[in-house]
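Report on the structure given below.
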Ligand code: BG6
């Protein structure tokens with residue numbers, strides 16, 4: 001798993017580079033959806049399981065913001081049995097590292113049986129999901145062996161970002177300067193990841209892990225993209241360290257769950273999404289007032305503000321808003337890794353888990 005965490009900059013570069021032309025425009029391989037074809041879709045579905053589903057939650061925020069098309073994200077095992085309102089006006093994005101996950105394959109077939117157009121984002125060339133899709137966008141992450149995904153997750157994110165930008169450009173819903181800035185930042189993502197991996201913030205993660213590995217309940221809180229990121233941070237921790245944790249939209253805490261916050265409860269507060277930073281800060285104050293032990297994640301430009309309230313702050317480089325989860329996931333992967341190491345867990349092959357669940 002550590003090898004694959006460290007391979008992420010290269011994996012992202014391999015996934016992005018072939019899809020950005022010399023003119024700086026994004027090319028989605030052979031998928032040339034014209035403006036009128038895109039306008040014919042009244043809804044986009046994103047269907048997946050596990051971490052791939054968490055990519056879809058980020059994708060909803062990114063694609064809706066860029067392309068202004070309604071996006072519905074669904075856990076594949078739920079979608080396939082809820083008589084979904086999918087038809088020939090639906091565009092379905094299937095996300096799967098292995099391309100063999102039974103629930104995701106069944107959801108693909110359900111969508112196709114109702115006439116939907118299916119594009120899949122897959123890491124294994126020639127896998128069943130790839131073969132049964134109308135179009136495939138491969139994540140060139142290379143073989144991923146560790147059961148808990150890392151580089152497949154971050155390359156899937158990069159593909160979803162490119163889809164959002166390409167659709168936004170075709171529909172004219174993304175301003176040219178915003179598009180150019182996002183594409184430029186996308187191309188800098190590998191080096192910004194390397195920058196984080198070489199940073200003091202990154203070096204401090206094993207120390208935080210030795211402070212926190214004995215907790216038996218952890219909350220990841222955040223808003224918007226930080227909430228979507230928290231879902232993956234929480235699953236990483238559960239999968240490899242066996243610590244119960246949950247990701248919570250921090251604005252929702254006051255509607256019940258904050259009753260669980262008591263003296264010493266570990267809260268990982270994600271505050272990278274700038275437009276809601278002040279709201280995120282007030283949620284940090286709320287949980288601290290109830291005795292929570294807070295470890296925060298912030299961008300370099302917000303580090304100072306966060307450090308006024310939180311002692312332990314992990315900092316990531318600033319980047320385009322839509323790319324924040326791509327950088328923010330790396331410290332969360334490493335935190336889960338070092339906590340699991342402290343607990344003596346089998347990190348690459350966690351108990352009860354399979355790399356690809358090809359049965360229901
Ligand atoms: C789980 C894996 O079994 O399946 C996760 O451990 C993965 O890492 C999930 O996110 C979905 O698998 P896939 O191959 O469809 O992405």
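Values in this text are rule-based calculations from the coordinates and carry no lab data. Just so it is clear, the model here is predicted, and its values are computed rather than measured. Backbone-built Cβ (ideal geometry, glycine too); neighbour counts: all protein chains shown.
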Item to complete: Take peptides 201-212, 47-58 and line them up by average Cβ neighbours within 10 Å, highest first, as a rough protection proxy.
Response: 47-58, 201-212
Worksheet item: Suppose R0 equals 30 Å; then what is the FRET efficiency for residue 204 and residue 20 from their Cβ-Cβ distance, rounded to the nearest 0.05?
Response: 0.35
Practice prompt. With a point put 7 Å past each Cα toward its Cβ, work out how far residue 34 is from residue 308 in nm, to one decimal.
Written response: 5.4
Response to the item:
Expressed in nanometres to one decimal, the distance between label points 7 Å along Cα→Cβ at residue 214 and residue 187 is 5.1
Worksheet item: If the label point is 7 Å along Cα→Cβ of residue 173, which residues in region 33-48 have backbone nitrogen under 14 Å from it?
Response: 35-46
Discussion item. Once you keep just the Cα pairs under 8 angstrom separated by 6 or more residues, what percentage relative contact order results for region 1-98?
Written reply: 30
Fill in: Helix axis angle, 151-171 relative to the chain longest principal axis, alpha carbon, degrees
50
Practice prompt. Would you please put 252-262, 131-141 in order of how densely packed they are, using the mean number of other Cβ atoms within 10 angstrom per residue and starting with the highest?
Written response: 131-141, 252-262
Worksheet item: How high is the FRET efficiency from residue 259 to residue 3, r the C-beta distance, R0 51 Å, rounded to 0.05?
Response: 0.80
Worksheet item: Most fluctuating residue of 32, 280, 247 in a GNM of the chain with Cα springs under 10 Å: which is it?
Response: 32
Item to complete: Working from Cα positions, state the angle (0 to 90°, nearest 10) between the long axis of helix 225-241 and the longest principal axis of the chain.
Response: 70
Worksheet item: Sorting 20, 121 on the 10 Å Cβ count, fewest up front, what's the list?
Response: 20, 121
Worksheet entry | Radius of gyration and Dmax over the Cα atoms of the chain, both given in Å | 19.6, 56
Practice prompt. Treat the count of other C-beta atoms within 10 Å as a stand-in for reagent exposure and order 183, 92 from fewest to most.
Written response: 183, 92
Discussion item. Defining a contact as two alpha carbons under 8 Å apart and six or more residues distant in sequence, what relative contact order in percent does region 221-310 show?
Written reply: 29
Practice prompt. State, as an integer percentage, the relative contact order of the chain based on alpha-carbon contacts under 8 Å between residues 6 or more apart.
Written response: 19
Worksheet item: Can you give the angle from 0 to 90° between the axis of helix 176-197 and the longest principal axis of the chain, with both taken from C-alpha atoms, to the nearest 10?
Response: 50
Worksheet item: Working out 0.36 nm times the residue gap between residue 78 and residue 244, then minus their Cα-Cα distance, what length gain in nm do you get to one decimal?
Response: 57.5 nm
Discussion item. Can you compute the FRET efficiency between residue 285 and residue 145 using 1/(1 + (r/R0)^6), with r the Cβ-Cβ distance and R0 = 56 Å? Round to the nearest 0.05.
Written reply: 0.85
Practice prompt. Please report how far the C-alpha centroid of region 178-205 lies from that of region 292-316, rounded to the nearest whole angstrom.
Written response: 18
